[in-house]
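Accompanying notes for the structure given below.
Derivation of every value follows stated rules applied to the coordinates shown; laboratory data play no part. Quick caveat: nothing in here was measured; it's all calculated off a predicted structure. Using ideal geometry, Cβ is built from the backbone for each residue, glycine included, and neighbour counts are taken over all protein chains shown.
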Amino acid sequence: MIDAKKIEQLARQIHESMPKGIRELGDDVEKKIRQTIQAQLTRLDVVNREEFDVQTQVLLRTREKLAVLEQRLTALENQAAAPAAPTAGTASAPVTPAPAAQAASEPGDAKDPV
């Protein structure tokens with residue numbers, strides 16, 4: 001979530017911006033402000049920086065895999081669209097695609113943190 005120092009700083013700024021009479025209530029008001037900020041931030045659906053960075057890396061790897069698969073698909077489509085008429089003395093060998101299991105691992109693999 002958000003760093004405790006940031007919450008402390010925000011609570012202090014709000015406390016300092018209050019009128020002098022209220023500010024004299026001291027720690028009690030500051031504690032209530034801190035609790036309110038913490039409660040409101042908890043209600044928000046946010047992730048911490050570490051989780052964000054991990055998901056960014058997963059997304060980058062997924063994009064790289066997608067680009068490789070798109071290139072393979074294009075190559076296979078081009079091979080299928082090419083005229084398959086062999087010359088009189090030679091026979092063409094059938095094209096078999098490489099196993100896609102290694103290149104197209106699912107995002108939920110054990111290698112990728114979720």
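At 7 Å along Cα-to-Cβ for each site, give me the label-to-label distance between Ala82 and Ile22 in nm.
7.7 nm
Taking the Cβ of Ala39 as the centre, find all other residues whose Cβ is under 13 Å away and add up their charges (Lys, Arg: +1; Asp, Glu: -1).
For residues surrounding Ala39, the net value is +4.
Note down, for segment 11-65, the three equivalent ellipsoid semi-axes (square root of 5 times each alpha carbon gyration tensor eigenvalue), biggest first, whole angstrom. If you can, show how the numbers build up before the last one.
Details: eigenvalues 338, 20, 10 Å².
Working through the eigenvalues yields semi-axes of 41, 10, 7 Å.
Could you tell me the calculated FRET efficiency between Val47 and Gln71, based on Cβ-Cβ distance and R0 = 22 angstrom, to the nearest 0.05?
So the FRET efficiency works out to roughly 0.10.
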